[in-house]
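What follows is a single structure, written as structure tokens, with notes after it.
Derivation of every value follows stated rules applied to the coordinates shown; laboratory data play no part. The shown structure was predicted, so the numbers you read here are calculated from the model rather than taken from an experiment. Virtual Cβ from ideal backbone geometry, glycine too; neighbours counted across all protein chains shown.
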Amino acid sequence: MSHTNGGARSGAQGGALRKRLRQLLLPFSVVEKLPVGIQYMLAEMPPEAQEAFWDEYRRRARVLGVAYFRWLLFGSHYAYLQQWWRQWLHWLTVGGIFVWWLSDLVRLPRLVEERNRDIALEVLRLIRLMGW
């Protein structure tokens, strides 16, 4: 019984969080991709801090189309994602003799999403250091 009650409370808390997130100044399509911990912190921020977060995040965030462009023409998608050790390994092995290069075609959306999560954490730390 208590397990069910805990689940109901957790569901209610999740619904309350979603409602608060929809009231943020940030696009919900971006916020919902961020880790829950970051979502909670954003929900607690004043509007000025949210705006500062959004401005900096937009400036730093990686775009999937650009990553694919760099993957196709230069094989430099790891450099774009700031994964330099992988980039050098990718070049030195000629994209894993093209096997690695082809597998990145499927992996690239996840790699960009992971990098954008890291960027969100970096920006959040920066905003908190500024006193928000």
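Return the loop-located chymotrypsin sites (Phe, Trp or Tyr not before Pro) in the range 57-88 (DSSP other than H, G, I, E, B) with at most 12 other Cβ atoms within 10 Å of their own Cβ; answer none if there are none.
Working: sites: Y57, Y68, F69, W71, F74, Y78, Y80, W84, W85, W88; in loops: F74.
Within the range 57-88, the qualifying chymotrypsin sites (Phe, Trp or Tyr not before Pro) (loop, at most 12 other Cβ atoms within 10 Å) are F74.
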In whole angstrom, the spacing between the Cα centers of the range 39-80 and the range 97-114 equals 18
With +1 on the Cβ of every Lys and Arg and -1 on the Cβ of every Asp and Glu, the dipole magnitude of the chain about its Cα centre, in debye rounded to the nearest 20, is 220
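Just want the ordering: D118, D104, from fewest to most Cβ atoms lying within 10 Å of their own Cβ.
Numbers: D118 13, D104 20.
Least crowded to most crowded, the residues run D118, D104.
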Mean shadow area (nm²) of the C-alpha convex hull around the chain is 10.6
Along the range 44-59, Karplus-curve 3J(HN,Hα) (6.51, -1.76, 1.60; θ = phi - 60°) to the nearest Hz, with x for Gly and Pro, reads 8, 7, x, x, 5, 5, 4, 5, 5, 4, 5, 4, 6, 4, 4, 5
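When the helices in the chain are scored as -39500 (n - 2.57) per DSSP H run of 4 or longer and the sum is shared across all residues, what 222 nm value do you end up with, to the nearest 500 deg cm²/dmol? Mind dumping the intermediate values first?
Working: 9 runs with 106 residues, N = 132.
Value at 222 nm, helices only, nearest 500: -25000 deg cm²/dmol.
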Charge tally for neighbours of Q39 with beta carbon under 14 Å away, counting Lys, Arg as +1 and Asp, Glu as -1, is +4
With the 8 Å Cα cutoff and a minimum separation of six or more residues, the chain has a relative contact order in percent of 26
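Sort S76, S29 so that the residue with the fewest other Cβ atoms within 10 Å of its own Cβ comes first and the one with the most comes last.
The fewest-first ordering by Cβ neighbours comes to S29, S76.
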Going residue by residue through the range 96-107, the Karplus relation 6.51 cos²θ - 1.76 cosθ + 1.60 with θ = phi - 60° gives ³J(HN,Hα) values, rounded to whole Hz and with x marking Gly or Pro, of x, 6, 6, 5, 4, 4, 5, 5, 5, 4, 7, 7
